[in-house]
Structures are given as structure tokens and as C-alpha cells.
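Below is one structure, written out as C-alpha cells, with a few remarks after it.
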Amino acid sequence: MEENILLKQLLRERKLKATSTRLEVLSVISGYNKAIPFSEIQNALHDFDRVTLYRTINSLMKSGIIHKASVGEKETFYAVCSSKCSWDSHNHKHIHFKCSNCKAVTCVQADSAINFAIPGHTINNFEIEATGICVACN
Ligand SMILES: [Zn+2]
Ligand SMILES: [Zn+2]
Ligand SMILES: [Zn+2]
């Protein structure tokens, strides 16, 4: 209940109507703790058809609520965005880490801010993928 209020607020902040479909999909993704593979979303919401799921996921992605977090996988992973993302742009400067042991994908922050410049360009968003052994498996 509490959680639903927060999710509703998040949807409204990003200018999306808080439909029950969006709330259900978002609650599955945000309740997963790590990046969630598409098949897990499907498992959790098996009464949803694929098209509805894809459409809902796409609207959440466009609105800066979730993002793709795949690391060299056939399966697509999704993760909840930070408050830095908005309805018209994503603003990510974190790493997508894939554990080669448990296969979990997580969004992680580096020890120090990752910063680089490309002359003449403005960087709003970049993606870094890393593989290795996660905290839980170490
Ligand atoms: Zn984002
Ligand atoms: Zn692991
Ligand atoms: Zn991420």
C-alpha cells in the first residue's frame, strides 16, 4: 500500500498516468532489488500478454523511470532509474555489473566519479558494462 503510493507519485512526477498496468509492472521491477530480466517480469505477471508488457516497459523507459541494464546477454534486464532521470532524458553515470557466477546484473556506482570528456561534445549519459564476481559471491 505504502509502496503503491510512492510508485504512483513517481509515475505522476514523470508525467505518466498511474494506470494499474504501469503500477503492477513498476512494482515488480522496483521490488526486485537488482536489474530484473524480462523473463522474471513475465513470470511475475503471467496474465499480461507480451505486447502489453513491452508497451508498458517502453513507456516507463521513455519517461525516465526505468532503463535497460543488459550486459552482453540475450536477455534484456531492466532497472529503476535514479531521481536524476526525467521524462525526456536519462542521466546515468553508473556501471552495469554482471556477476559471472550468479548471473545477477546490478547498477553500481564507482568508488570515484567517472568523468571523461570528448572535445566539442556534451555527455549526459553513458553506459559502462563490467563483469566479475559480485559482493554476494565474493
Ligand atoms: Zn534513467
Ligand atoms: Zn554473484
Ligand atoms: Zn543501471
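The values are calculated or read from the model by the stated rules, or taken from the named source; none is laboratory data. Computed from a prediction, not measured in an experiment: that's the story for all the values here. Positions of Cβ are generated from backbone atoms using ideal geometry, with glycine treated the same way; all protein chains shown enter the neighbour counts. With ligands, DNA and RNA removed, areas are computed over all heavy atoms of the protein, side chains included. Shrake-Rupley method; radii C 1.70, N 1.55, O 1.52, S 1.80 Å.
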Please state which of the following conditions Phe126 fails to meet, knowing it meets all the rest: (1) crowded, with 16+ Cβ neighbours inside 10 Å; (2) farther than 30 Å from Thr19 by Cα; (3) among the hydrophobic types (A, V, I, L, M, F, W, C). (1)
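Only one of these is farther than 30 Å from Cys102 by Cβ, over 12 Å from the mean Cα position of the chain (by Cα) and not aliphatic (A, V, I, L, M): Glu13, Glu24, Glu40. Name it.
Testing whether each residue is farther than 30 Å from Cys102 by Cβ, over 12 Å from the mean Cα position of the chain (by Cα) and not aliphatic (A, V, I, L, M) leaves just Glu13.
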In the stretch 68-117, which residues are hydrophobic (A, V, I, L, M, F, W, C), touching a residue at least 40 places away in the same chain (Cβ under 8 Å) and open to solvent by 50 Å² or more (accessible area, probe 1.4 Å)? Val80, Trp87, Cys107
Enumerated strands (runs of 3 or more DSSP E) restricted to the stretch 35-138, each holding at least 3 residues that are modelled with pLDDT of 90 or more and more than 14 Å from ligand 1 (Cβ to nearest atom): 95-99, 105-108, 128-132
Which condition number does Ile29 fail, the rest of (1) touching a Phe, Trp or Tyr at 6+ places or on another chain (Cβ under 6 Å); (2) outside any helix (DSSP H, G or I); (3) closer than 19 Å to Cys107 by Cβ being met? (2)
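Could you check, for the stretch 27-46, whether at least one of its residues is crowded, with 16+ Cβ neighbours inside 10 Å and touching a Gly at 6+ places or on another chain (Cβ under 7 Å)? If you could, list the steps in order and put the result at the bottom.
In the first step, residues of the stretch 27-46 are kept if they are crowded, with 16+ Cβ neighbours inside 10 Å; the result is 27-30, 32, 34-38, 40-41, 44-45.
When the remaining residues are screened for being touching a Gly at 6+ places or on another chain (Cβ under 7 Å), the result is none.
No, the stretch 27-46 contains no residue that is crowded, with 16+ Cβ neighbours inside 10 Å and touching a Gly at 6+ places or on another chain (Cβ under 7 Å).
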How many residues are within 16 Å of ligand 2 (Cβ to nearest atom) and among the β-branched types (Val, Ile, Thr) when one looks only at the stretch 81-138? 7
